[in-house]
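Peer 1: Starting off with a structure, shown below.
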Amino acid sequence: GKEKILKKIASICPLVSTASRSALPSHPNITSVGHQSPQQWQMLLAKSKFLVGLGDPLVGPSAIDSVVAGAMYLNPHYHPSKPKLGHYSSQHPFIEKSVPSHVCGFRLDMSDNSLEKCVVRALAVSLSPQIPKELTKSQYMQRLQRIIEGVEAQH
């Protein structure tokens, strides 16, 4: 489970977590900084090489936060025969599709060495902050315009 993932990463590099110390496995390379304010969270991500997803919540905002800060998101993939809610193959398929250069997928069940490969890749690259195209102001305005045109066409 999650403890195995965290210990595996901590065997490769130091790991900083916002989870409480009691929620983390005991390992000399795992440090808890506790709950962070939004500003502290952004600063922590900006100094980080990666953020690892642990399977929940589905499509949460932290994956986007990491990419926007220039940190790679390690995206857990569920077992192919057991997608979440019947169709989610990974924790955050949107960010993986939108900004593939900033995302590395690994098997949540750790049935291969994809987690280690993702950590090594994240440590080796230097990523620039990236806003997913779909979340830019221009894309938002285009979607809004299509909605307004659709409503107007119905009247």
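The values are calculated or read from the model by the stated rules, or taken from the named source; none is laboratory data. Since the model is a prediction, treat every value here as computed from it, not as a measurement. Virtual Cβ from ideal backbone geometry, glycine too; neighbours counted across all protein chains shown. Quick note on the areas: whole protein, heavy atoms, side chains included, nothing else; ligands and nucleic acids left out. Shrake-Rupley method; radii C 1.70, N 1.55, O 1.52, S 1.80 Å.
Peer 1: For the chain, state what percent of all Cα-Cα pairs lands in each successive 10 Å bin, counting from 0 Å until the bin that includes the largest distance.
Peer 2: Percent of pairs per bin, in order: 10, 35, 33, 13, 6, 2, 0.
Peer 1: Would you mind working out the accessible area per residue for the chain, using a 1.4 Å probe, and quoting it in Å²?
Peer 2: Counting only protein heavy atoms, the per-residue value for the chain is 60 Å².
Peer 1: Per residue of segment 89-103, in order, report the coupling 6.51 cos²θ - 1.76 cosθ + 1.60 (Karplus, θ = phi - 60°) as ³J(HN,Hα) in whole Hz, putting x for Gly and Pro.
Peer 2: These are the phi-based 3J(HN,Hα) values: 7, 8, 5, 9, x, 4, 5, 5, 7, 6, 9, x, 5, 9, 10 Hz.
Peer 1: Could you work out the relative contact order of the chain? I mean the mean sequence separation of Cα pairs under 8 Å and 6+ apart, divided by the number of residues, in percent.
Peer 2: Reported as a whole number, the value is 19 percent.
Peer 1: Still on this structure, please answer the following. What's the angle, to the nearest 10 degrees (0 to 90), between helix 137-154's Cα axis and the longest principal axis of the chain?
Peer 2: 40 degrees
Peer 1: Hey, what angle do you get for helix 38-47 against the long axis of the chain, alpha-carbon based, 0 to 90 degrees rounded to 10?
Peer 2: 70 degrees
Peer 1: Counting other C-beta atoms within 10 Å, and keeping those with at most 10, which DSSP coil chymotrypsin sites (Phe, Trp or Tyr not before Pro) do you find in segment 33-85?
Peer 2: When the chymotrypsin sites (Phe, Trp or Tyr not before Pro) of segment 33-85 are filtered for loop state and at most 10 Cβ neighbours within 10 Å, nothing remains.
Peer 1: With the full set of protein chains in place, find how many percent of the accessible area of segment 1-76 is carbon and sulfur; take the probe as 1.4 Å.
Peer 2: Ligands and nucleic acids excluded, carbon and sulfur give 56 percent.
Peer 1: Further, regarding this structure: Using helices alone, what [θ] at 222 nm do you get for the chain, with -39,500 (n - 2.57) per DSSP H run of 4 or more residues, divided over all residues and rounded to the nearest 500?
Peer 2: Counting only the DSSP helices, I get -12000 deg cm²/dmol.
Peer 1: While we're looking at this one, here's another question. Taking 0.36 nm per residue of sequence separation and subtracting the Cα-Cα distance, how much length would be gained by fully extending the chain between Ile147 and Ser128, in nm to one decimal?
Peer 2: So the chain would gain 3.6 nm between Ile147 and Ser128.
Peer 1: Follow-up question, since we're still on this one. Taking only Cα atoms, what is the 0 to 90° angle, nearest 10, from helix 114-124's long axis to the longest principal axis of the chain?
Peer 2: 80 degrees
Peer 1: Using a probe of 1.4 angstrom, how much of the accessible area of segment 110-155 is carbon and sulfur, in percent?
Peer 2: Percent of accessible area from carbon and sulfur atoms in segment 110-155: 57.
Peer 1: Wrap a convex hull around the Cα atoms of segment 1-92, take a quarter of its surface area, and give that in square nanometres.
Peer 2: If I average the Cα hull's projected area over directions, I get 6.2 nm².
Peer 1: Further question on the same structure: Efficiency by 1/(1 + (r/R0)^6): what FRET value for His35 and Leu58, r their Cβ-Cβ distance, R0 = 22 Å, to the nearest 0.05?
Peer 2: Step by step, r from the Cβ atoms, then E = 0.50.
Peer 1: Considering only Cα-Cα distances, which of the following residue pairs are longer than 21 Å: Lys82/Lys117; Lys7/Lys49; Lys7/Lys97; Lys8/Lys84; Lys49/Lys82; Lys2/Lys84?
Peer 2: Listed pairs above 21 Å: Lys82/Lys117; Lys7/Lys97; Lys8/Lys84; Lys49/Lys82.
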